[in-house]
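Take a look at the structure set out below.
The values are calculated or read from the model by the stated rules, or taken from the named source; none is laboratory data. These figures come from a predicted structure and were not determined experimentally. Please note: Cβ atoms are built from the backbone with ideal geometry, for glycine as well, and neighbour counts cover all protein chains shown.
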Amino acid sequence: MPYTETPFEGVYVFEPKIFNDHRGYFFESFNLNDFAKQVGVAPSFVQDNQSRSFKGVMRGLHFQHAPFGQAKLVRCLFGEIQDVIVDLRPDSATFGKHFSILLSEKNQKQLFVPRGFAHGFLVLSEWAEFFYKCDNFYAPQADTGIYFADPALEIEWALPLSEIIISEKDKNLPTLAAAKL
């Protein structure tokens, strides 16, 4: 599985080798030995999450406070999404910067997001099914996030803000400057 480094330390894009034939396709979506060899870490994933959302739905930008932070391996099973992460590691050269990538059932790309990032996604297709592995359990007492449309983040969303559907909880998330990291 090809691993591509991003400008963000510890963040990798995975493009699996897909075997297509008249029956459909097959690919290996995760191999711990290969992952550890290529990325240099061997996460112990303890929780899988999956969601289905409709076009325009924005989920995020979420993270959990330490020591409950989560590394994630994310992918889009059906449809297409704009996946976005924001670096919240204060000592990082990319602190406060974002990375955006299109994940879809067509490209089968995956994104590995280490601990210390806020994460969210915007559904671009009529509907999308999103799946991710986490290396730590969900901890409601540590659950928080950053407002997705914070102008300081300079994120270019693939849909106009007027078309984005967001939960009440996410509407009330703080800006990066106001967030308790």
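Within segment 126-137, work out how many residues are surrounded by fewer than 18 Cβ atoms within 10 Å (Cβ to Cβ) and in a strand (DSSP E or B).
3
Of everything in segment 95-120, what is out of contact with any Ser or Thr (no Cβ under 7 Å at 6 or more places or on another chain), aromatic (Phe, Trp, Tyr) and assigned to a strand (DSSP E or B)? Give them in sequence order.
PHE112, PHE117
If a residue has to be crowded, with 19+ Cβ neighbours inside 10 Å, within 19 Å of LYS55 (Cβ to Cβ) and not aliphatic (A, V, I, L, M) to count, how many in segment 105-125 make the cut?
2
Residues are listed down the side, and each one gets a yes or a no for (1) assigned to a loop (DSSP other than H, G, I, E, B); (2) surrounded by 19 or more Cβ atoms within 10 Å (Cβ to Cβ):
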{"position": "TYR25", "(1), (2)": "no, no"}
{"position": "PHE68", "(1), (2)": "yes, no"}
{"position": "VAL74", "(1), (2)": "no, yes"}
{"position": "VAL86", "(1), (2)": "no, yes"}
{"position": "ALA93", "(1), (2)": "yes, no"}
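What pairs can you find where one residue is in segment 165-181 and of a type in the set (Ser, Thr, Tyr), the other is surrounded by 11 or more Cβ atoms within 10 Å (Cβ to Cβ) and part of a helix (DSSP H, G or I), and their Cβ atoms are less than 7 Å apart, with a gap of 6+ or different chains?
That search, which allows pairs on different chains as well, returns THR175/ALA152.
Answer with yes or no whether GLU156 is surrounded by fewer than 21 Cβ atoms within 10 Å (Cβ to Cβ), in a loop (DSSP other than H, G, I, E, B) and at pLDDT 95 or above.
Details: surrounded by fewer than 21 Cβ atoms within 10 Å (Cβ to Cβ): yes; in a loop (DSSP other than H, G, I, E, B): yes; at pLDDT 95 or above: yes.
Taking the combined requirement at face value, the residue satisfies it.
Only one residue in ASP143, ASP170 is out of contact with any Cys (no Cβ under 8 Å at 6 or more places or on another chain) and surrounded by 15 or more Cβ atoms within 10 Å (Cβ to Cβ). Which one? First the steps, then the outcome.
Values: ASP143 fails: surrounded by 15 or more Cβ atoms within 10 Å (Cβ to Cβ).
When all the criteria are applied, what remains is ASP170.
Which residues, taken from segment 108-136, are small (Gly, Ala, Ser) and under 10 Å from the mean Cα position of the chain (by Cα)? If you could, list the steps in order and put the result at the bottom.
Filtering segment 108-136 for residues small (Gly, Ala, Ser) gives 116, 118, 120, 125, 128.
Within segment 108-136, ALA118, GLY120 meet the criteria.
Which residues, counting only those in segment 53-111, are without any contact (Cβ under 8 Å) to a residue 60 or more places away in the chain, among the aromatic types (Phe, Trp, Tyr) and within 17 Å of LEU124 (Cβ to Cβ)?
Passing the criteria: only PHE78.
Among (1) over 20 Å from SER100 (Cβ atoms); (2) surrounded by 15 or more Cβ atoms within 10 Å (Cβ to Cβ); (3) not charged (D, E, K, R), there is one condition VAL57 misses while meeting the rest; what is its number?
With (1) over 20 Å from SER100 (Cβ atoms); (2) surrounded by 15 or more Cβ atoms within 10 Å (Cβ to Cβ); (3) not charged (D, E, K, R) applied to VAL57, the lone miss is (1).
With the condition kept exactly as written, say whether any residue in segment 91-104 is under 19 Å from ALA158 (Cβ atoms) and either modelled with pLDDT under 95 or more than 13 Å from the chain's Cα centre (by Cα) (or both).
Taking every residue of segment 91-104 in turn, at least one turns out to be under 19 Å from ALA158 (Cβ atoms) and either modelled with pLDDT under 95 or more than 13 Å from the chain's Cα centre (by Cα) (or both).
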